[in-house]
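Heads up, the thing below is written out as structure tokens.
The values are calculated or read from the model by the stated rules, or taken from the named source; none is laboratory data. Keep in mind the model is a prediction, meaning the values are calculated, not measured. Note that we place each Cβ from the backbone using ideal geometry, even for glycine, and neighbour counts take in every protein chain shown.
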Amino acid sequence: MNFTATKLQGCFIIEPKIISDERGSFMESYNEKTFAKGVGQNVHFVQDNQSVSKKGVLRGLHYQCGEHAQAKLVRVLQGEVLDIAVDIRPESATFGQYESVLLSAENQKQFFIPRGFAHGFLVLSDTATFFYKCDNFYNKESEGGIIFNDNTINIDWNFPSEKLIISEKDKFLPTLENAKKVW
């Protein structure tokens, strides 16, 4: 696996080694020892989640607060998404900045997002199956979120806003300035 650090400290783009032959292909999608060495920390994942969405669905920007904060390792099993991580760690030099990564079944890239980041994604293909590992269990009372079009973050979704499909809950998330603090 190849680990590439992003401009946001602690976030990594991970590209697996894919072995192909006339039968098809094989790759190791996760190895705890390789992962810990690649990201420079031990992360113990405890929960896997999967969603299927259609083109234009935007999920996010979500996070968990306090003792329920979550690190995530995300990937796309089918289709293509624009994946976004936003640094919401108040003490960070990159607070309020974001990183975007194109994840697809074709490129097999993964994106590691540590605790202290909001996360969201936009489906670019007709459908997409999105899979992610979390290092902490979901806790409804610890939910946090930031509106996808916050002007201070200024994410370039590169998609017509009138074609976005957003849940009622996500349409009314607060701005970064008014959002719950992650710690």
Picked from the stretch 5-31 (must be modelled with pLDDT under 95 and among the small types (Gly, Ala, Ser)), the residue surrounded by the fewest Cβ atoms within 10 Å (Cβ to Cβ) is Gly24
Filter the stretch 158-182 for residues that are of a type in the set (D, E, K, R) and within 20 Å of Gln64 (Cα to Cα); the one that is surrounded by the most Cβ atoms within 10 Å (Cβ to Cβ) is Asp170
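Before we move on, is Asp126 among the charged types (D, E, K, R) and surrounded by fewer than 21 Cβ atoms within 10 Å (Cβ to Cβ)?
Spelling it out, Asp126 is indeed among the charged types (D, E, K, R) and surrounded by fewer than 21 Cβ atoms within 10 Å (Cβ to Cβ).
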Quick one: in the stretch 61-88, which of the residues that are among the small types (Gly, Ala, Ser) and under 19 Å from Lys7 (Cβ atoms) is surrounded by the most Cβ atoms within 10 Å (Cβ to Cβ)? Ala85
Determine the pairs where a residue that is closer than 13 Å to Lys55 by Cβ, located within the stretch 158-173, has a partner that is part of a loop (DSSP other than H, G, I, E, B) and not hydrophobic (A, V, I, L, M, F, W, C) with Cβ atoms under 8 Å apart, the partner being 6 or more residues away or on another chain. Phe159/Gly56; Lys163/Gly56; Leu164/Gly56; Ile165/Gly56
Members of the stretch 133-157 found to be without any contact (Cβ under 8 Å) to a residue 12 or more places away in the chain and more than 15 Å from His62 (Cβ to Cβ), listed by number: Asn154
Might you check whether a residue that is touching a residue at least 60 places away in the same chain (Cβ under 8 Å), farther than 24 Å from Lys181 by Cβ and exposed (fewer than 14 other Cβ atoms within 10 Å of the Cβ) occurs anywhere in the stretch 32-44? yes
Counting only residues that are in a loop (DSSP other than H, G, I, E, B), more than 22 Å from Val81 (Cβ to Cβ) and not acidic (Asp, Glu), how many does the stretch 18-42 have? 5
Among the residues in the stretch 83-95, are any in contact with a Lys or Arg (Cβ under 9 Å, 6 or more places away or on another chain), under 20 Å from Leu124 (Cα atoms), among the hydroxyl-bearing types (Ser, Thr, Tyr) and in contact (Cβ under 8 Å) with a residue 40 or more places away in the chain? no
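Find the strands (runs of 3 or more DSSP E) located wholly in the stretch 54-155 whose residues include 3 or more that are in contact with an Asp or Glu (Cβ under 6 Å, 6 or more places away or on another chain), and list them.
Output list reads 98-104.
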State all residues of the stretch 34-50 that are within 20 Å of Ala69 (Cα to Cα) and touching a strand residue (DSSP E or B) at 6+ places or on another chain (Cβ under 6 Å); if no residue qualifies, say none. Val39, Phe45, Gln47, Asp48, Asn49, Gln50
